[in-house]
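Accompanying notes for the structure given below.
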Amino acid sequence: MKVLIPVDSKDRFKSIISSIEENKSWALVTLDGAKISSVDFYDRYEEIFCLIENMVVINSLEFVWPMQEEGIKVLIANNEKSIDEIIESFLLNKLENFPIKSS
């Protein structure tokens, strides 16, 4: 399973979640069961060519419509900042679902 997170750097252990507009990189976390098997960093979302099941954003004001159109489930981090904190909450189902706005 793959989880995408916009982050402020390409350092696996120092990067924290950031807004999509201000992110410096995208962290693509690959999970093997309940364990992180790899974290790959990309400069641009368009560089990622694999199936992404989930994405975690910093708040409900993020522009995620294009990702939702691709079938990616979008979740919101509460107080989690680091990749490890976010993935732990993801695995424990503690992240909020991104609200789907109706027109």
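Below is a table of values for the structure above.
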read-out	value
Nitroxide proxy distance, nm - points 7 Å out along Cα→Cβ at N78 and D32	3.0 nm
Kirkwood-based Rg to Rh ratio, segment 31-90, C-alpha trace	0.94
Residue with peak Gaussian network fluctuation, the chain [Cα springs, cutoff 10 Å], from E53, E22, E80	E22
Fraction of accessible area attributable to carbon and sulfur, segment 10-103 (%, probe 1.4 Å)	51 percent
Table column - 3J(HN,Hα) (Hz), segment 85-98, Karplus curve with 6.51, -1.76, 1.60, x for Gly and Pro	4, 5, 5, 4, 5, 4, 5, 8, 6, 9, 8, 7, 6, 5
FRET efficiency estimate (nearest 0.05) - Cβ-Cβ, L51 to N93, R0 25 angstrom	0.75
Of the trypsin sites (Lys or Arg not before Pro) in segment 17-91, those whose Cβ has at most 13 other Cβ within 10 Å and which sit in DSSP loop	K24, R44
Q68-E22 FRET efficiency (beta carbon distance; Förster radius 25 Å; 0.05 resolution)	0.75
Point-charge dipole on Cβ atoms (K/R +1, D/E -1) for segment 1-85, about Cα centre, debye to 20	240 debye
Signed unit charges on C-beta, dipole axis of the chain, positive-most listed residue G71, L31, P6	L31
Under Karplus coefficients 6.51, -1.76 and 1.60, residue-wise ³J(HN,Hα) of segment 31-48 in Hz, glycine/proline x	9, 10, x, 9, 10, 6, 9, 6, 10, 10, 10, 10, 6, 10, 4, 5, 7, 8
Low-density loop cleavage sites - chymotrypsin sites (Phe, Trp or Tyr not before Pro) in segment 13-78, where at most 16 other Cβ are within 10 Å (DSSP)	F13, F49, F63
Cα-based equivalent ellipsoid of the chain: semi-axis lengths in Å, sorted from largest, via gyration tensor	18, 15, 14
Kirkwood-based shape ratio for segment 22-62, expressed as Rg/Rh from alpha carbons	0.97
For the chain, accessible area per residue (1.4 Å probe, heavy atoms of protein chains only), Å²	61 Å²
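The values are calculated or read from the model by the stated rules, or taken from the named source; none is laboratory data. Note that the structure is a prediction, hence the values are computed from the model and not measured. Cβ atoms come from the backbone with ideal geometry, glycine included; neighbour counts cover every protein chain shown. Quick note on the areas: whole protein, heavy atoms, side chains included, nothing else; ligands and nucleic acids left out. Shrake-Rupley method; radii C 1.70, N 1.55, O 1.52, S 1.80 Å.
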